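*Asks:* Okay, here's the structure, questions in a sec.
The values are calculated or read from the model by the stated rules, or taken from the named source; none is laboratory data. Owing to the predicted nature of the structure, the values given are computational and were not obtained by experimental measurement. Quick reminder, even Gly has a Cβ in these numbers, built from the backbone with ideal geometry, and neighbours come from all protein chains shown. Each accessible area value is taken on the protein alone, full model and side chains, heavy atoms only, with ligands, DNA and RNA left out. Shrake-Rupley method; radii C 1.70, N 1.55, O 1.52, S 1.80 Å.
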Amino acid sequence: MAAPMELFCWAGGWGLPSVDPDCLAVLTYARFTGAPLKVHRVTHPWRSPSGHLPALRTQDEGTISKTQQIITHLRKQKYNADYDLSATQNADTLAFVSLLEEKLLPVLIHTFWVDAKNYVEHTRKWYAETVPFPLNFFLPNSMHKRHLERLQLLWGDDYMEDEEKLEKQLYREARECLTLLSQRLGSQKFFFGDSPASLDAFVFSRLAPLLKAKLPNGKLQQHLKSLQNLCNYCTSILSLYFPWDGADPLAGAPRAAGTDSSEGEEDPHKRRNQLLSVLVGLVAMLGYAFLSGIVSIQRGGVGPAGRQPIAMEEEEEEEEEE
């Protein structure tokens, strides 16, 4: 029997199976299609074979780390949520996914990672409490910096020139995007009728974190909550496809065949990986201390007890690049 495909994704929180929109998109698409995945919900990206999340480990194509490429691979394996769509509906899918990436995703990044109040009181707090020690001291800040760089690439040089004016414009466009999605959905269960498609996976993965997170500054969140059909849409997908995810599993609830494994049995080398995570974190923290001048080394002779300086091996740090 062929080994199952293994999906590595960020752990769940806020009542969601994963807090990361890209991970949530892949998880949702897999649930829609019944793809047999062994799911590893992890608390830092170095638990992934690629060092990035999400990541799909396959038998024939190695490890795939981009959301769209993962979904394309699942389609090749006959798990295609868009099988029954017409040419017009496929064109609509491309148009709406492009709209989400252009108008909504940048504002979601800003809401969770750039808005100072949301970042300090919600986003950084969750990751600091979830990521294991000592990685939780620097990984959230590293992710914060990476999202800032991503946002500057998406918004261009204008972002630095008049940040406040640009934010108002982009938040307005994001609200218009949500309104358009609400109008397109109407009273339907899913965007193309009674069966979910890939568009539903992408829309849900962008809307659900915004809807479920307890944000202290919820400008865009309030607009989403005013669109009742989108709220019902997210709640319906959660109850239908993730009834035991995002919180404690229901006692005795049966899992769908060929889907997730529990987090407790996800990794036969869990203890080793935890130890390596601690070592990598300590090496990184010591490296930062040396580079910043917090700690310095005085060269000199052998101490009175005859001890030689301890040479620190660098093999642990290289594992971050796997």
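*Asks:* Amide H to amide H, which residues 5 or more places from Lys38 or on other chains are under 5 Å from it, using H placed in the peptide plane?
*Replies:* Amide H neighbours of Lys38: Met5, Glu6, Leu7.
*Asks:* Once you have the alpha carbon radius of gyration of region 1-80, what is it after dividing by 2.2 N^0.38 Å, with N set to its residue count?
*Replies:* 1.00
*Asks:* Suppose each label sits 7 Å from its Cα in the direction of the beta carbon; what would the Phe137-Ser226 distance come out to in nanometres?
*Replies:* 4.5 nm
*Asks:* So for region 1-160, what are the equivalent ellipsoid semi-axes in whole Å, largest first, each being the square root of 5 times an eigenvalue of the Cα gyration tensor?
*Replies:* Output for region 1-160: semi-axes of 28, 22, 13 Å.
*Asks:* Which cross-chain or sequence-distant (5 or more) residues have an amide H under 5 Å from the amide H of Asp82, H modelled 1.01 Å from N in plane?
*Replies:* Ser198
*Asks:* I need the peptides 40-53, 185-198, 11-24 ranked by packing, meaning the mean over residues of other C-beta atoms within 10 angstrom, with the highest value on top.
*Replies:* 11-24, 40-53, 185-198
*Asks:* Which links in Lys145/Lys165; Lys165/Lys212; Lys117/Lys145; Lys168/Lys219 stretch past 18 Å when you go from one Cα to the other?
*Replies:* Lys145/Lys165; Lys165/Lys212
*Asks:* Any idea what % of Cα-Cα pairs in region 91-244 are farther than 29 Å?
*Replies:* 22 percent
*Asks:* State in Å² the accessible area per residue of region 22-80; use a 1.4 Å probe, count heavy atoms of protein chains only, and round to the nearest integer.
*Replies:* Each residue of region 22-80 exposes 39 Å² on average to a 1.4 Å probe.
*Asks:* Carbon-plus-sulfur fraction of the accessible area of region 91-244, 1.4 Å probe, in percent?
*Replies:* That fraction is 51 percent.
*Asks:* Once fully extended, how much extra length lies between Asp194 and Ala91, figured as 0.36 nm per residue of separation less the alpha-carbon to alpha-carbon distance?
*Replies:* Contour length minus the Cα-Cα distance gives 35.2 nm.
*Asks:* How much length is gained on full extension from Glu164 to His52, taking 0.36 nm per residue of separation minus their Cα-Cα distance?
*Replies:* Result for the pair: 37.1 nm of gain on full extension.
*Asks:* While we're looking at this one, here's another question. What whole-number value in cubic angstrom gives the convex hull volume per residue for the C-alpha atoms of region 36-114?
*Replies:* In region 36-114, the Cα convex hull volume per residue is 121 Å³.
*Asks:* What's the local net charge at Thr33, with K and R +1, D and E -1, over the other residues with C-beta under 13 Å away?
*Replies:* +1
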